[in-house]
Structures are given as structure tokens and as C-alpha cells.
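Each reported figure results from applying straightforward, stated rules to the coordinates on display, with no laboratory input. These figures come from a predicted structure and were not determined experimentally. In this analysis, Cβ positions are derived from the backbone assuming ideal geometry, glycine residues included, and neighbour counts consider all displayed protein chains.
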Amino acid sequence: MNYRHAFHAGNFGDVLKHIVLVALLERMTQKAKPMFFLDTHAGRGRYDLDAPAVARSREADRGIRRLSAAPDLPPLARRYVELVRDFEAANSSRIRFYPGSPRFAARLLRDTDRAALCELEAGEAEALRREFADDERFSVHRRDGYEALKGLLPPPERRGLVLVDPPYETRQEELRKVADALVAAYGRWPQGVYVAWYPIKRAAPIGAMHRSLVARGLPSLLAVELSIHPEDNDAGMNGSGMLLVNPPWRIEEELAGTLPVVHAALAGQGAGGTRIERLAGD
């Protein structure tokens, strides 16, 4: 199982990831003080959905393209779709180019905010540098994202958001690495907001990761999940989730009003579902 951004751009996992990211960034930029954004596995910043590696799977057709055609979307989902369309800046109703997480951040962060983007793969890192060459708010680092959590935290800013979004080439091992990274990063910077994306094939490994984080003392945890296939489906990924550490106040209410509509637009009747659960804290 391989969830490299370029292979799955615009799929239903990206839809969940970027709806949650938009919700977090919009809430956090409402406060006047500057904030810091760190993307540990940033990819290349933009993706051509008609490129052969993406087009063959047709995942974007069942993700962002399907959602963009759905009527009566709630405000958060509608805002997400608008940001994708604004990024493309095209009159066509068919979305071709899709923004990666750094591009959503570039649109929503303010002039007073700062961002660091980490990408280890040389070609992706170079593309990312070109993408952000003219944006002084952003620095691009060709480095391991987990190491960057040690080297870049805590930042000078007192407020910030960290996105952990690895490729999960070895799913079980990566889940453990993400859990370890969140615990260690929280220990260095407990004021930060952290969000980690994860794929869902079976519920048991995800539940084990959640329980381990609660047992290791993270005081405020929120799990947000969207599945479009039943758990026993043979698809490579039945759903995905976002694990939030220190989630902003009442964000679960906004997501609870959004994700069921998104699920209805993307999933077959009776397939999959949504989950928003407070694992720790109020």
C-alpha cells in the first residue's frame, strides 16, 4: 500500500484531509497573533489529475471531481471546493489541477504567518522549491519530516499547526512512527495544534494507535474519519482519518455538520460512513 501524494491526488482521502486542513487554518488565522505552519511530508505542491499515474486510477473522479458537482454543500465543503477551483483558475467545469496541502496553506495564511515545508524525495522537493520561490512566508527543506519535528519545534511563534502526512508505504510501521512523533513533538511544544492523516484498511490497527496515544498521556485528541467502502472491501483503502491533537474549540461541531454530506456525495448507498470522536479531553 502506497499513498504517495502524486499517485492519489484529489481522491476521497485528500478530500477529508484538506477539508479538515481548511477548517483548522481558517479558525487559527482568526486570531491576530502570527502562527507557524509545518508540513512534514509536503509533496510537490500541485498535481495534474490527467497525468497518467493519476488518471489511470480515476480516484479524483470519485473524489474532488464528484464532490465539486454535488449540490447544496455545507459552507466548509463549499469553501474547500472553491479553493480548489480558484487554484486552477480555469473556466472549465472539469477540475484538472489539484493543490497539495502547502497550496491550501499558502491561500489561507496571512502575511504575518510563516511556514516550513519538508520533503525528502529530491524531485518532489525541487518542484516544491519552484512552486514557492516567490513566497517569502515559505521555506522548503529537503529533509526527513520526522527529523524536522525535532529540528524545527518549538518555533519562535507561540501558535501554530503541524501536519503529519507520510506515504504509509509500510502501514503498521508508519502508524507507530506517527504515534511516536506526535508524542515527542507534543513534549517539545505542547501549545501547538497537530493533525496527522492516516489510511484505513481495517479498524483494528487504527484503534490500537488511538489507544496507545491516550495511554501515553496526550490530553486532547479528536479522531475524524471518512470511509466510502465497507471494512471487508478489497479496495486498497476503505477510508482515511485525521487525528487532531489540541483541536480548536468546537471544530468537531463544524465537521459534524459537513462530513455526512460529503460522505453522501462520495459513497455508494450504505457503504462506509463518518466518525467524529473525542478520544481524550473535553
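Here are the numbers for the structure shown:
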| quantity | calculated |
| --- | --- |
| Residues Glu252, Glu169, sorted so that the one with the fewest Cβ neighbours within 10 Å comes first | Glu169, Glu252 |
| Computed helical MRE - 222 nm, the chain, DSSP H runs ≥ 4 contributing -39500 (n - 2.57), nearest 500 | -12000 deg cm²/dmol |
| Least to most buried among Val183, Val162, Val22, Val140 (fewest other Cβ within 10 Å first) | Val183, Val22, Val140, Val162 |
| Size of charge dipole - the chain - debye, nearest 20, with Cβ of Lys, Arg +1 and Asp, Glu -1, no other charges | 320 debye |
| Ordering of 272-279, 132-139 by burial proxy (mean other Cβ atoms within 10 Å per residue, highest first) | 272-279, 132-139 |
| Ratio Rg/Rh [Cα only; Rh per Kirkwood] for the stretch 148-282 | 0.98 |
| Computed E for Ala256/Glu147 - FRET, C-beta separation, R0 25 angstrom, nearest 0.05 | 0.10 |
| Karplus 3J(HN,Hα) series, Hz, for the stretch 47-63 with 6.51 cos²θ - 1.76 cosθ + 1.60 (x for Gly, Pro) | 9, 8, 6, 9, 5, x, 5, 8, 5, 4, 7, 6, 5, 5, 4, 9, x |
| Two-site label geometry, Ser57 and Arg176: point separation in nm, points 7 Å out along Cα→Cβ | 2.5 nm |
| Placed amide H near Arg46: partners under 5 Å, 5+ positions off or other chain | Gly100 |
| Spin-label zone in the stretch 39-83 - amide nitrogen under 20 Å from a point set 7 Å from the Cα of Gln30 along the C-beta vector | 74-83 |
| Global geometry of the chain, whether rounded, prolate or oblate, following the gyration tensor of its Cα atoms and the 1.5 cut on a/c | rounded |
| Length-normalised contact order of the chain in % [C-alpha pairs under 8 Å, at least 6 apart] | 23 percent |
